[in-house]
């Protein structure tokens, strides 16, 4: 789980403004400063009321977001604005009878203002990232103006995959150190340090995995600014954004939604529902490791949508292109009712046909290549899921 860590400069800001400056709380457990060290009427009031403590923490988090997303031209102004706001907030101490209300209004207004600033920063940062595939040199200049972990991760990406960006070895090394130092979670930081970035043989995969970990922690969950890398880099990018943790943390993997997702079409949704009926029979035995498997399935579906041509000739571990129908027919009726399997076989034929049609009409494949790719896509999708339920059935001692 993520753990909030207050950065030194934010700590200093709150000290200078006599507002307290460290994480933790003894009463509400929500304030951004140590309530045991509270010394002013404002601090005591915030610590004594859960709602105010929660607002204080929300404001601290939002300020950290704004500071983390500020470029060099914004950082000084943001600090000055925060100091000015603290003076205004501290003036609430003169309103003894209405102190809680004054604090609530002051913090709420500041949270809103910071939220608007964060949104503007995110837009500007996204525009800089989107320059990478069209003008990597300009993107590098813009991103170098940010000190955030995500900016560092993108500069490492540029150094590794976009030589025209001009990011030097020295600059990349400095940014690698910065990125590791900015993780909120110590375990994630240790995992990032062990990816193998220091070794030339593993630097490419480590760069992509580091970007993935930074996006998990830092990026707006709704942001899809990284999605261009999959078509640009290919298989290594898909591999980096699939199952990583082997736990529920894989649910946080940055994903890219599509306006016309093959697997959201009714035929495929029906096939998924039929599979899920069998999967749910053994769901009570699932551990958290299955979320890594689910992440791999998600990224494969993204890959199929974005680059189905990669599935014309494919030799990748865990992706069998052998026809799966015989496996389904051979299941024991006690483990998987015949009627359900017959329904699945019919759905498979329909899914294969709609996939073939899409590959020809929307992706421009020849009849021959579309037929090969459609067969491979359906086979991989099914075999992955059949392997999964068979493995869990064996663990539970069920016959099939």
Going through segment 251-271 in order, the residues found to be surrounded by fewer than 19 Cβ atoms within 10 Å (Cβ to Cβ), part of a helix (DSSP H, G or I) and modelled with pLDDT of 95 or more are 264, 266, 267, 269, 270
Tally time: how many residues in segment 67-92 are at pLDDT 90 or above and surrounded by 15 or more Cβ atoms within 10 Å (Cβ to Cβ)? 9
If I ask for residues that are modelled with pLDDT of 90 or more and buried (at least 18 other Cβ atoms within 10 Å of the Cβ), which ones from segment 213-226 would you list? 213, 214, 215, 216, 225, 226
Would you check if there is a residue in segment 235-244 being in contact with a helix residue (DSSP H, G or I) (Cβ under 8 Å, 6 or more places away or on another chain), under 28 Å from residue 340 (Cα atoms) and buried (at least 16 other Cβ atoms within 10 Å of the Cβ)? no
Considering only segment 344-353, state which residues are touching a residue at least 60 places away in the same chain (Cβ under 8 Å) and either in contact with a strand residue (DSSP E or B) (Cβ under 9 Å, 6 or more places away or on another chain) or crowded, with 16+ Cβ neighbours inside 10 Å (or both). 344, 347, 348, 351
I'd like to know if segment 198-212 contains one or more residues that are in a loop (DSSP other than H, G, I, E, B), surrounded by 15 or more Cβ atoms within 10 Å (Cβ to Cβ) and not assigned by TED's automatic domain parsing to the domain that holds residue 382. no
Let me confirm something: among 139, 124, which residue is closer than 27 Å to residue 198 by Cα and either in a helix (DSSP H, G or I) or at pLDDT 95 or above (or both)? 139
Can you report the number of residues in segment 298-324 which are part of a helix (DSSP H, G or I) and either buried (at least 16 other Cβ atoms within 10 Å of the Cβ) or touching a helix residue (DSSP H, G or I) at 6+ places or on another chain (Cβ under 6 Å) (or both)? 12
Within segment 195-222, can you find the residues that are free of Cβ contacts under 8 Å to residues at least 12 places away in the same chain and over 14 Å from the mean Cα position of the chain (by Cα)? 196, 198, 199, 200, 201, 202, 206
What number goes with the only condition from (1) without any contact (Cβ under 8 Å) to a residue 40 or more places away in the chain; (2) buried (at least 17 other Cβ atoms within 10 Å of the Cβ) that residue 129 does not pass? (1)
Exactly one condition in (1) closer than 30 Å to residue 246 by Cβ; (2) touching a residue at least 12 places away in the same chain (Cβ under 8 Å) is not met by residue 391; state its number. (2)
Restricting attention to segment 223-246, does a residue exist that is without any contact (Cβ under 8 Å) to a residue 24 or more places away in the chain and in a helix (DSSP H, G or I)? no
If you check residue 293 against the conditions, is it crowded, with 18+ Cβ neighbours inside 10 Å and either in contact (Cβ under 8 Å) with a residue 12 or more places away in the chain or farther than 19 Å from residue 213 by Cβ (or both)? yes
Residue 335: passes all of (1) closer than 30 Å to residue 254 by Cα; (2) assigned to a loop (DSSP other than H, G, I, E, B) but (1)
Quick one: would you say residue 97 is surrounded by fewer than 19 Cβ atoms within 10 Å (Cβ to Cβ), over 30 Å from the mean Cα position of the chain (by Cα), part of a loop (DSSP other than H, G, I, E, B) and modelled with pLDDT of 85 or more? no
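The values are calculated or read from the model by the stated rules, or taken from the named source; none is laboratory data. Note that the structure is predicted; figures quoted are calculated from it, not measured. Virtual Cβ from ideal backbone geometry, glycine too; neighbours counted across all protein chains shown.
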